[in-house]
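The structure appears right after this line, and notes come after that.
The values are calculated or read from the model by the stated rules, or taken from the named source; none is laboratory data. Keep in mind the model is a prediction, meaning the values are calculated, not measured. Here the Cβ positions follow ideal geometry from the backbone for every residue, glycine too, while neighbour counts run over all protein chains shown. Just the protein is used for accessible areas: all its heavy atoms, side chains included, with ligands, DNA and RNA removed. Shrake-Rupley method; radii C 1.70, N 1.55, O 1.52, S 1.80 Å.
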Amino acid sequence: MAARHVVLATLLVLAATACGGHTPMGTAGSAGVGDTLFPALGNGGYDVTHYDLDLDYVPETNRLKGSAVITARATKDLSRFDLDFTGMQVRGATVDGATAHVTRDGAELTLTPDKPIGKGRTFRTAIEYDGVPRTIEDDEGAVEGWVETDDGVAALGEPTGSTTWFPGNHHPSDKATYDITVAVPRDADGDPYDVVSNGELVAEEDRGNRVVRHWRTEEPMASYLATVAVGTFDITRTRTPDGLPVHLAVDPDEAQAAEGIEELVPEVVDWASERFGPYPFSSTGAVVDHLPGLGYALETQTKPYFDSAPDETLVVHELAHQWFGDSVTPREWKDMWLNEGFATYAEWLWQEDRGGRTAGQTFASFYDGTHPESEGIWDFPPADPPGASEVSAPPVYGRGAMTLHTVREAVGDEAFFSILRTWTERHRHGNADTAQFIALCEKISGKDLTALFTTWLREEGRPDIN
């Protein structure tokens, strides 16, 4: 998510203390994984390996009918387990083909299978559901979840919006592969709506009055990065000079303003690959929608979502997230600075590498408050957001990037860029946390950086750099 387009989304039911979902002898999966900022988000007792989502969507009524098949491995003996799901009506559920009992408490579904599931066993849960998916809105009017556009919808999941359109284990620590199949009708002119999602388009089927598109993501993905965009788009399919497929979808209303993005996306991917290591996915691209008033962009995996034609640095920011946040994903939401600090610093590096302001000059303008995005960066330490509503606040972005620049100055460019490339290689398609990043910095640099990280990540107020 871009620093100047921030959603301070607060889903209180998911940020509340987890409760329920327990039986004596510890045979039930927990409701929530104990995340510091979102204690009730995610679920214990199993690890999802794959989602197979079969969706039927009607833009005119905004109704969605869904079938979710969730393949998971039990990490403990399970007599029952939970799924995160907000809103729509659940019509039925099975576990390994046998009917499962389902109860609901707010955003938690609790499933009791016909037979207990033994630790280590792989099992498949199928959920049938339908209705009008929710749009989550915070106190300031920012929205996420299932967001209607002028000609369709955009599914935007950070931090909890993915719970509105499919059931699952919606915590970043449980990444999985995805198949997302979406059936849509034709519009009033008889033309099919376009459907864009993560990964690669592996199949299209024309059923006369409906068109079905099947997208596949073979690299692990956190649920908040999953997306579906339905509408009318100008579709461009190209390849980077290295042969990486590029899939671009641009709303016709944004086509003129977005002119040049076809060349910019491959250019940024190639530049970032040199700086941060090999591109981590099997395709890239972007969705440029026309959604006035949304106010942010999102790093949806392989195809960042833009609510309107983006400027150059915004494209850099969201594509940098493919390494920092999408491939290397935080274990907990409190480590969000590992996403946003890195993506913001990528903007600084891009400008520096192209003869613009140096990263040091940008750092100085943040420090003295003259940079337009520096407001609020000293409100709290970036590694300690005080609550769920601050997970995407300015300190996570600006002060996070400043922390990285301070590390760069302390260890030198050779060690610093070695740290970045090692970080993306070591944790490729996995999860990592702040402690691991600090340990890597110290190992590669050979320096004790305790004081630096304590000052910049943990202490209140503006650090003294004199």
Candidates Ala401, Ala364 - the one that is buried (at least 21 other Cβ atoms within 10 Å of the Cβ), assigned to a helix (DSSP H, G or I) and among the aliphatic types (A, V, I, L, M)
Ala401
Looking at Ser79, Ser162, can you tell me which residue is in contact (Cβ under 8 Å) with a residue 24 or more places away in the chain, over 30 Å from Pro192 (Cβ atoms) and polar (S, T, N, Q)?
Ser79
Condition first: in contact (Cβ under 8 Å) with a residue 24 or more places away in the chain and open to solvent by 10 Å² or more (accessible area, probe 1.4 Å). Now tell me which residues in the stretch 375-387 satisfy that.
Trp378, Phe380, Asp384, Pro385, Gly387
Checked the stretch 103-125 for anything surrounded by fewer than 17 Cβ atoms within 10 Å (Cβ to Cβ) and either touching a residue at least 24 places away in the same chain (Cβ under 8 Å) or assigned to a loop (DSSP other than H, G, I, E, B) (or both); matches are Asp105, Gly106, Asp114, Lys115, Pro116, Gly118, Lys119, Gly120, Arg121, Thr122, Arg124
Inspect all residues belonging to the stretch 456-463 and state whether any of them is crowded, with 17+ Cβ neighbours inside 10 Å and touching a residue at least 24 places away in the same chain (Cβ under 8 Å).
yes
Just wondering, is there one or more residues in the stretch 325-333 that are in a loop (DSSP other than H, G, I, E, B), touching a Phe, Trp or Tyr at 6+ places or on another chain (Cβ under 8 Å), closer than 26 Å to His170 by Cα and among the β-branched types (Val, Ile, Thr)?
no
If the Cβ limit is 7 Å and pairs must be 6+ apart or interchain, which residue in the stretch 284-300 that is under 14 Å from Val196 (Cα atoms) and touching a residue at least 60 places away in the same chain (Cβ under 8 Å) pairs with which residue that is polar (S, T, N, Q) and surrounded by fewer than 22 Cβ atoms within 10 Å (Cβ to Cβ)?
Asp289/Thr149
Mind checking which residues of the stretch 207-228 are under 20 Å from Val184 (Cβ atoms), surrounded by fewer than 24 Cβ atoms within 10 Å (Cβ to Cβ) and in contact with a strand residue (DSSP E or B) (Cβ under 7 Å, 6 or more places away or on another chain)?
Asn209, Arg210, Val211, Val212, Arg213, His214, Arg216
